[in-house]
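Reviewing the structure listed below.
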Amino acid sequence: MNFKGFIDTSMRDGQASPLLFDTHKYFFTLEEKKQLVNALLKLGVYQLEFFSPVVSPTEENDFSQLKKYIKSTFPAKKILLISHCRCHKTDIDKAIKAGFNGLNLYMGISDKAQKHSYGKNITELLKLIKKTIIETRKKYPGVYLRYSVEDAFRTPLEEIFKVYDAIYPHVDTLGTPDTTGIATPELVKERIKALKQRYPKVNLECHFHNDRGHSLINSLTAIKAGAEYIDTSIWGIAERSGITSLTGILLNIYFYKKDLVKNYDLELCYPLNVLMGSILKMQVPYTEPVSLTNRTHIAGVHQKAVLNSREVYEGNDLKKFGVSREQLLLGPLSGWNFIYYYLKEVEGYILNKQDAKQIAQDFKKEADKLCRKVKPEELLRKIVEKYSLIKITIPQNYQDKRIENLN
């Protein structure tokens, strides 16, 4: 297995996410970028990809400030800062001038790209790509250089070979982006093995989009097949449905082969996701494996079991990834066991199990009243008023020992 690490694209593909429009942010501010970069580097991700400076003056100026921030905050770390550039001399020169020490040059060669993007045939594109790569390597011999054939999983492998055969001696890494998210695990396995067999001494990087919901499994498949690098972002945010979630794949690799992620501070995974949530003013997505949602229980049978042992309904130890709390939610599906627990441990009522069973029945009968204006705990308190229960004040030190987070 050749896996060497992640290239995080939150600053590049992440800013192309529809989420930034949904939240009316449109872009990360410089301060937010500093927070995210700081968190990524503390987690152990030392390869970061950004837009080319030609995208906008803001991106150019922000990168200049970020580079200074990174150098002053992590002076001892070897950090690769990659600019995502077209095969265009202006893009390349401007990126190097801005201080990037890595370049990802890209160009599609598929029939669709030839016709609709570039207006050139494959022979013309191959000539342009080869010329750009060789001139860039000659002009900037010390720069990290990656070249990616866009839409690599819809482009015939024979066509990709024509390009990569001509340039592989001049690059550090060959990219295989699933630009349109059509790849399947079977196709990924086949392609990566073929590329590694043909170019055994060159690193392979994979960038999987999630249009079909396959980005995570495709990334794992690529690692098993021999790929060195996987592109990720925080929450998997990127164009359209996104790409591979950084913390999602870290969790899966950990349970697959721990040694591959031994250099990452895994307990920072959830704080990283929460940081993104605070920036976007959103909850960590329920589809994100490293989230409090993944330790949240609503059904009565689940709540009863988790009160005794969380392992009954939690197969992964998320504490290793920074999710240190449990969350049990009072609602229409809660059974008497949880209502008994809630009234005793949270509200401070003295009651027996028979009381709890009767109160639970009353609660379920009126559960259809629950809405934004009528919260479950308020409805339960109103029902409890009909019972002559004694209420005591629970000392704070006992409250702090509760296993769940109900706030």
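A short reminder: the numbers here are calculations on the coordinates, not readings from a lab. In this text the structure is predicted, and so the values were computed from the model without any measurement. All Cβ positions, even for glycine, are placed from backbone atoms using ideal geometry, and neighbour counts span all protein chains on display.
Observations
- The sum of -39500 (n - 2.57) across all DSSP H runs of n ≥ 4, divided by the residue count of the chain, sets its helix-only mean residue ellipticity at 222 nm to -12000 deg cm²/dmol.
- Per residue, the average separation of C-alpha pairs within less than 8 Å and at least 6 apart gives the range 293-399 a relative contact order of 27 percent.
- Peptides 260-266, 294-300 ordered by average Cβ neighbours within 10 Å, highest first: 294-300, 260-266
- Cleavage-rule hits, GluC sites (Glu not before Pro), the range 362-398, DSSP coil, Cβ neighbours within 10 Å at most 11: GLU385
- Gain on full extension, evaluated as 0.36 nm per residue between VAL312 and GLU378 minus their Cα-Cα distance, stands at 20.8 nm.
- Charging the Cβ of each Asp and Glu at -1 and of each Lys and Arg at +1, and nothing else, the dipole of the chain about its Cα centre rounds to 480 debye.
- Among the chymotrypsin sites (Phe, Trp or Tyr not before Pro) in the range 1-36, those located in a DSSP loop and surrounded by at most 15 other Cβ atoms within 10 Å of their own Cβ are TYR26, PHE27.
- Cα centroid of the range 140-204 to Cα centroid of the range 308-374, whole Å: 52
- Across LYS94/LYS138; LYS34/LYS71; LYS131/LYS193; LYS97/LYS139; LYS281/LYS319, pairs whose alpha-carbon gap is larger than 20 Å: LYS131/LYS193; LYS281/LYS319
- Share, in percent, of DSSP beta bridges within the chain that are antiparallel, nearest 5: 5
- The listed peptides 68-80, 147-159, 199-211, ordered by packing as a protection proxy, come out as 199-211, 147-159, 68-80 (highest mean of other Cβ atoms within 10 Å first).
- Relative to the longest principal axis of the Cα atoms of the chain, the long axis of helix 215-225 makes an angle of roughly 60 degrees.
- Rounded to 10°, Cα long-axis angle of helix 30-43 versus longest principal axis of the chain: 90
- Between the helical axis of 269-280 and the longest alpha-carbon principal axis of the chain there is an angle of about 90 degrees.
- Taking the empirical scaling 2.2 N^0.38 Å for compact globular proteins as reference, the range 32-167 has a Cα radius of gyration ratio of 1.16.
- As a size descriptor, the averaged projected area of the C-alpha convex hull of the range 111-221 was calculated at 7.0 nm².
- Semi-axes of the equivalent ellipsoid for the range 293-399, Cα gyration tensor, largest first, Å: 25, 17, 13
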